[in-house]
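A quick write-up on the structure given underneath.
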Amino acid sequence: MKITDLLHLALSRLGTGKMRTALTMLGVIIGVASVVALVSVAQGATAGISTRLQSLGTNLLTVSPGFTRTGATRGAAGSATTLTVADATALSTLSGVQAIAPELTTNKLVLYGTQNETTRLIGTTPGYTTVFAYDMWAGSFLNEASIDNNLRVAVIGATTADNLGLTETSIGQTIYVAGLPFELIGITQPKGGSTSADDQVIIPLSTAHELFVGSNSVSAIGVSAASADQIDTVSAEVTTTLEQRHGITNGTDDFTIANQAQLLGTVSSVSDVLTLLLAGIASISLLVGGIGIMNIMLVSVRERTREIGIRKAIGARGRDILSQFLVEALALSLAGGLIGIAVGVAASFVIGIYGGWGFIFNPLTVVVAVGFSLIVGVIFGVWPASQAARLDPVVALRYE
């Protein structure tokens, strides 16, 4: 028989029992939709995490204090820190370093009018916007004059501005940080995703030392490499410079360096494993759907035993019968797969919008899902089809 005749016959048979056909396809629909949706969700979540990590800074290295050395200075929160402003200055002279941003971090009460909140206070330098990829929404950022003269000026994050009721017209107004007056000179563009990145007050590092710490310590040093290719080189230079400055000769550093590129690589690796895991879990429902197809096809063989006997009696070969039932199983699985893809894509769109990473569509996932559904149709359709092909025509004609 021609493939077109087989397909027409298969579709006509499936159309005679629409409810049974729909219920049979349901398992495949759910399985394919689950694969498409879950893989899309995993990829979308990974893309969202990667975007947020990249928004934290460009080619970023973060140098943090490690264990405490004897005589180390005290940080803003009372914990010992082994990093100083002089360390940051030394790192800024290294080749391959685009910008440096020493940070002195603590929490303080911020007040404007009748509104107040306790938020993160950061003392830093003008390089902060370059290192951590901040743009200004209103006003301007800190400049060298504010650092040199210990000025009481402040830049606030978008979330802090919203919480305090501050807008672009508030530039030049006075806010109070820990009870001390500061002139508001700027509001940063919202980064989104990480609330802490937008909920902060930034003041000159020298002012933070003068008013809140009384030493030259820093909580961390952000280092921006000039390019992604230079991150490893810059990291090695930072390590060597700080070891020399801190007199470390035994390799037991009193600082740690976090490499953003390595973190992104780790996220990507975890994402790949998670995607495979979710796809594997979703594929179980495809197997269940395949068993449903096999069950219905076996019932169909039993119901159509006399028909098979008549067809064999008038000259149909075993391979013709095999092809007929196999095409029916493939039609069931393919139709279920296509509907499942549509459902999965729709679910991916809704979840992506709700999750905040947007709609992510990977054509390869659809190809794999369709291929898998066809494989399911072949695997679970072969046994019923082979049983039908092996029926003895005489026995089949006697079947009631």
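Non-local amide H neighbours of F255 (under 5 Å, H modeled in plane, Pro and chain starts lacking H): which ones?
So F255 has HN proximity to G66, F67.
Please work out how much length the chain gains when fully extended from R390 to D162, using 0.36 nm per residue of separation minus the C-alpha to C-alpha distance, in nm with one decimal.
Details: separation 228, 0.36 × 228 = 82.08 nm, distance 7.59 nm.
Between R390 and D162, full extension yields 74.5 nm more.
Tell me, in nm to one decimal, what length is gained between L298 and D232 on full extension, where the rule is 0.36 nm per residue of separation less the Cα-Cα distance?
Numbers: separation 66, 0.36 × 66 = 23.76 nm, distance 6.25 nm.
Answer, rounded to one decimal: 17.5 nm.
Using the basic label-point model (7 angstrom from Cα toward the beta carbon), what is the V367 to S64 distance in nanometres?
In this crude label model, V367 to S64 measures out at 4.2 nm.
Can you figure out the FRET efficiency of T174 with A86, using R₀ = 51 Å and their beta-carbon distance, to the nearest 0.05? If you can, show how the numbers build up before the last one.
Values: r = 33 Å, r/R0 = 0.64.
Between T174 and A86 the formula returns 0.95.
Extending each Cα 7 Å along its Cβ direction at I281 and T241, get the distance between those two points in nm, one decimal.
Distance between label points: 4.6 nm.
Under 5 Å between amide H atoms, partner at least 5 residues away or on a different chain: which partners does R120 have, H built in plane at 1.01 Å?
Placed amide hydrogens put V201 under 5 Å from R120.
For segment 253-258, in order, what is each residue's ³J(HN,Hα) by Karplus, 6.51 cos²θ - 1.76 cosθ + 1.60 with θ = phi - 60°, in whole Hz (x at glycine and Pro)?
Each residue of segment 253-258 in turn: 6, 9, 7, 10, 10, 9 Hz.
Each reported figure results from applying straightforward, stated rules to the coordinates on display, with no laboratory input. Quantities reported herein were computed from a predicted structural model and do not represent experimental measurements. Cβ: placed from backbone, ideal geometry, glycine included. Neighbour counts: every protein chain shown.
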